[in-house]
Amino acid sequence: MTDQNPTPPPLPDRLSIDARSPHHVAAVFEHDIGIRFNDKERFDVSEYCISEGWVKVPSGKTVDRKGQPLLIQLKGKVEVFYK
């Protein structure tokens, strides 16, 4: 028999949504994850690092010359969880 709800992989210390990044783990994105930054859930996080305590979020509508959004790094308490 196949398992309908496979166990999600452990959440990494650092994760990026950009597939070109070395910190991108595709298996994690098969499940819904949530990111709480300074006790408030954020939905616009592009990259995070739990041990260093930062998240990267887009800076408005500003993009670089390759069309990627410019990211700003915010420092604080980072918590990551599966929904």
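A few comments on the model shown:
- Candidate set: segment 1-31, residues that are part of a loop (DSSP other than H, G, I, E, B), of a type in the set (D, E, K, R) and under 11 Å from the mean Cα position of the chain (by Cα); chosen: the one farthest from residue 78 (Cα to Cα): 18
- Within segment 52-83, being more than 10 Å from the chain's Cα centre (by Cα) and under 27 Å from residue 6 (Cβ atoms) holds for 78, 79, 81, 82, 83.
- Residues (over 21 Å from residue 8 (Cβ atoms) and in a strand (DSSP E or B)) located in segment 60-83: 60, 61, 62, 63, 69, 70, 71, 72, 73, 74, 75
- Segment 33-59, residues that are free of Cβ contacts under 8 Å to residues at least 40 places away in the same chain, assigned to a strand (DSSP E or B) and out of contact with any Leu (no Cβ under 8 Å at 6 or more places or on another chain): 40, 41, 42, 49
- Annotation note: Cβ proximity below 6 Å between a residue of segment 5-16 that is at positive phi and a residue that is of a type in the set (Val, Ile, Thr) and modelled with pLDDT of 95 or more (sequence gap 6+ or interchain) occurs for no pair.
- Residue match in segment 38-50 (condition: modelled with pLDDT of 95 or more, of a type in the set (Ser, Thr, Tyr), within 12 Å of the chain's Cα centre (by Cα) and under 11 Å from residue 80 (Cα atoms)): yes
The values are calculated or read from the model by the stated rules, or taken from the named source; none is laboratory data. This one's a predicted model, so the numbers in the text were calculated from it and none came from an experiment. Quick reminder, even Gly has a Cβ in these numbers, built from the backbone with ideal geometry, and neighbours come from all protein chains shown.
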